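Presented below is the structure to which this report refers.
Only the coordinates and a few stated rules stand behind these numbers; no lab work does. Predicted model only: the values in this text are computed from it and were never measured. A quick note on method: Cβ atoms are made from the backbone with ideal geometry, for glycine too, and the neighbour counts reach across all protein chains shown.
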Amino acid sequence: MKFRSLLSTCCSSRSLNAMENSRHDRQDNEGFRVYSYNELKSATNGFSAANKVGEGGFGSVYKGRLHDGRKIAVKVLSVEVESMRGEREFIAELTSLSNIRHENLVVLKGFHVDGCQRYLVYDYMENNSLAHALQGVGENRMRLSWQSRKDILIGVARGLAYLHEEVNPHIVHRDIKASNILLDHNFMPKLADFGLAKLFGENLSHVSTRVAGTIGYLAPEYAVSGHLTRKSDVYSFGVLLLEIVSGRATVDFDMERGEHHLVQKVWDHYNTNELVKLIDPTLDTNIREEEAVQFMKIGLLCVQENTTKRPRMSVAVSMLMRETDVKDHKISQPGHIIDFMDIKMDKGTSSTSIFSKVSTPNSM
Ligand SMILES: Nc1ncnc2c1ncn2[C@@H]1O[C@H](COP(=O)(O)OP(=O)(O)O)[C@@H](O)[C@H]1O
Ligand SMILES: [Mg+2]
């Protein structure tokens, strides 16, 4: 099959090069290939509503089964010609996930391009996302025992340490949150949704003109100044950790107190030595409280206002595994965005489209 013949008017030359490079790089990798539209259509039962397993900022995700019986997930992105929305995310996923493999990253199996539609094909994850698992009341959330929450956090931290410290150029994910962590049949976590990922060469920081991410998980210095480093992901990881241990939303709203942030709540409880009160009440009573409190302290370290006080992800892994003692690190004031109006906006865009991908914490 001619690779170029798959591409039509909507496809920029940049995306063409990226796809060709990615294809070359991946030629030896078992399984990565270009899929035909008919193959994806038949696998997903014509992209039927019944096969839809998720909906995110840019498109829908469908469950499918290939002729050989293997299960896949297909993400369908529509490119907006004027803004190139959808195309940027497609390229970011291809360039980030090509060539890298880690047990805590979702496997990208291939793609298809058809006019303004882009299709990304992944291994199917039986237990959907962490957001899905946490959202469910009762039965669903109860299935996430303390042991599985710990394993999920350690897996996510390992996946991030790999992206930040082992892959070259390093990758900053930029959208770590519960809906972007997939869970396989064993509840092993896989980082997914690399649509906002940025590759960093020698220069380890980057100033964005357009901030993107999800409110509640966004590192304040990045949100306000556009200054992006690996420590922005460390911040989002810290928020995710606090969310998993407490079972609470990252940003909450009630009529009495208005908007309140999980990070602030954890900091207040830390200061009064009451972290134990924030442990998710749906957790089994014989949960090791002392361990959950230690985890929350690691979460607080990851969300420190001063980026230099946040640990590198490999250090966070060793703290979570209790190889490094969290007591050796002083916990100070965490950072959080007090006023969302401070977030750096892309000039010339309306407030609704500022963040190509700033969404509410629970949206996928
Ligand atoms: N490989 C997969 N297996 C199972 N479900 C998936 C898979 N990929 C995505 N999903 C579901 O679709 C949702 C959106 O996928 P994501 O990659 O985050 O897309 P978006 O860029 O639109 O947010 C996920 O939160 C999850 O519920
Ligand atoms: Mg997503």
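Results, tabulated for the structure shown:
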| read-out | value |
| --- | --- |
| Computed log₁₀ I(q)/I(0) - Debye formula, equal Cα scatterers, no solvent, region 152-223, q 0.16, 0.23 Å⁻¹ | -0.61, -1.15 |
| Value of relative contact order over region 130-356, rounded to a whole percent, pairs C-alpha under 8 Å and six or more apart | 22 |
| Per-residue Cβ neighbour rank within 10 angstrom, fewest leading, T229, T324, T308 | T308, T324, T229 |
| Within region 260-308, trypsin sites (Lys or Arg not before Pro) in DSSP loop having at most 16 other beta-carbon neighbours inside 10 Å | R288 |
| Simple spin-label estimate for R288 and I154 in nanometres, 7 Å along Cα-Cβ | 1.0 |
| Proxy reagent accessibility, fewest Cβ within 10 Å first, across M255, M125, M321, M188 | M255, M321, M188, M125 |
| Alpha carbon convex hull of region 92-172, volume per residue in cubic angstrom | 122 |
| Cα-based shape type of region 130-356, given that a ≥ b ≥ c are square roots of the gyration tensor eigenvalues and the cut on a/c is 1.5 | rounded |
| Y222, Y37 arranged by Cβ crowding within 10 Å, fewest neighbours leading | Y37, Y222 |
| Ranked packing of 38-44, 299-305, most packed first, by mean Cβ within 10 Å | 299-305, 38-44 |
